[in-house]
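Undergrad: One structure follows; several queries about it will come next.
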Amino acid sequence: MTEQTNAVRRRQFLRAGTAVTGATALGGCVGGGGSGGETLTLGTLDVFPMMQHFVIQRQGWYDELDADIKVETFGGGPPLVQAYQSGSLDLAYVGISPGLVGIANGVDSKVVAANVLEPNVMVAGERFRGYWNEHGSDAFRVFREEVGRKPSFATLPAGSTPDVFLRFWLEEALGLSTDVVSINGQSPSALQSTLLTGKVDGGSVIEPIATKLARDDGGVEPFRYAAPIMPGQPGAVLQPSQALIDDQPALVRSLVETHVRATEFVRENRDEAAKMASEVIGTEILPVETARTAIRSPASTFVSDPREIVDKSLVYNDFHQQLGNVDTDLTESDVFDHSFHDEVTSSGG
């Protein structure tokens, strides 16, 4: 079966289910293979889909690895991938959407573990929710006719997982053009403020933003979760550089083992994991009680097995091609290395 045929079949599956150029050698911070003790730079974001990272950091489990992990936090997935592309990162906890764009554009890396399923939430103020409840997908047209402008939706920066999910929802699930809305890409902190102050009509967000908005008196609430729009929607992933995988496979195995350990901790100790997320993000930004509510959201299904997100991740790649973000038709082997998770969990064939 050709790659082109694979892409076509994935696009058919997508619609039925929903009714930097050049190769960049990464691992610039990695020392000699297997030497241990060097400093590795981990890029990440302070957002809920990185829950395993929060647990690992607060539990001190990075200190158990045969390397010093330096954490660099970014305001969004696309700038993180740009840093990865420059060679300044060795591994990342990153949203699958920008992670795929990075791989398609030459970031030599692999997804070795998944973080979360179906993390996206569509939220809106009372006015747009009223149009949606009455008109469904026609809400965008009727809103523009009666209000005199397009609805405005805020989300994370262009190319982020919530941004692409918003476009996917409009184009694939609803059969509309993205031109029916004005899309405003923003940082996580700005996104919440924009929605709370009513500067936009709705948005595509992740936890804990959805929970924080619903707890506020501003009237912005969830009205669509990811599961009915794209069942099994992939979220964030653990994505080390190929150089790290090639030079230090034992270390990558330890990273995946620690990730699996963190996932199990989250499942068994949700309140404590939420507290850890609050502590890393900042209790003034994310109060503990808000985190504890968010971790029980339908958008907080934490997983480890990368096989659970393969099909929909490749659908994301197809959608990126349709948007013109990439021109590479990625295959499973281009994106994923299952060997580490299989070895850690003894699930390999």
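The values are calculated or read from the model by the stated rules, or taken from the named source; none is laboratory data. This one's a predicted model, so the numbers in the text were calculated from it and none came from an experiment. Heads up, the Cβs are rebuilt from the backbone with ideal geometry, glycines too, and the neighbour counts pull from every protein chain shown. Heads up: the accessible areas ignore ligands, DNA and RNA and are worked out on the full protein's heavy atoms, side chains in. Shrake-Rupley method; radii C 1.70, N 1.55, O 1.52, S 1.80 Å.
Undergrad: How large a share of the accessible area of the chain, in percent, is made up of carbon and sulfur atoms when the probe is 1.4 Å and the other protein chains stay in place?
TA: Carbon and sulfur atoms account for 44 percent of the accessible area of the chain.
Undergrad: Here is a further query. Can you bin the stretch 195-288 into rounded, prolate or oblate? Criterion: square roots of the alpha carbon gyration tensor eigenvalues sorted a ≥ b ≥ c, rounded for a/c under 1.5, prolate for a/b above b/c, oblate for the rest.
TA: Prolate, since a/c reaches 1.5 and a/b exceeds b/c.
Undergrad: So, one more: In whole Hz, with x marking every Gly and Pro, tabulate ³J(HN,Hα) for the stretch 237-247 from phi via Karplus 6.51 cos²θ - 1.76 cosθ + 1.60, θ = phi - 60°.
TA: 9, 9, 9, x, 5, 5, 4, 5, 4, 6, 7
Undergrad: Rounded to the nearest 500, what is the chain's calculated 222 nm mean residue ellipticity when only DSSP H runs of at least 4 contribute -39500 (n - 2.57) each, over all residues?
TA: -13000 deg cm²/dmol
Undergrad: Where only protein heavy atoms count, and the probe is 1.4 Å, what is the accessible area per residue for the stretch 80-154 in Å²?
TA: On the way: 2370 Å² over 75 residues.
Normalised by residue count, the accessible surface of the stretch 80-154 is 32 Å².
Undergrad: Also: Please count, across the chain, the pairs of lysine residues with Cα atoms under 23 Å apart that sit 8 or more places apart or on different chains. If you can, show how the numbers build up before the last one.
TA: On the way: Lys70/Lys110; Lys70/Lys275; Lys110/Lys312; Lys150/Lys199; Lys199/Lys212; Lys212/Lys275.
Step by step, the pairs that qualify in the chain add up to 6.
Undergrad: May I ask you to order 330-343, 115-128 by the average number of other C-beta atoms within 10 Å around their residues, highest value first? Working shown, then result.
TA: Numbers: 330-343: 18.4, 115-128: 23.2.
In decreasing order of mean packing, 330-343, 115-128 become 115-128, 330-343.
Undergrad: Once fully extended, how much extra length lies between Lys199 and Glu284, figured as 0.36 nm per residue of separation less the alpha-carbon to alpha-carbon distance?
TA: Full-extension gain reported as 28.3 nm.
Undergrad: Might you tell me the accessible area per residue for the stretch 234-312, computed with a 1.4 Å probe and given in Å²?
TA: Counting only protein heavy atoms, the per-residue value for the stretch 234-312 is 38 Å².
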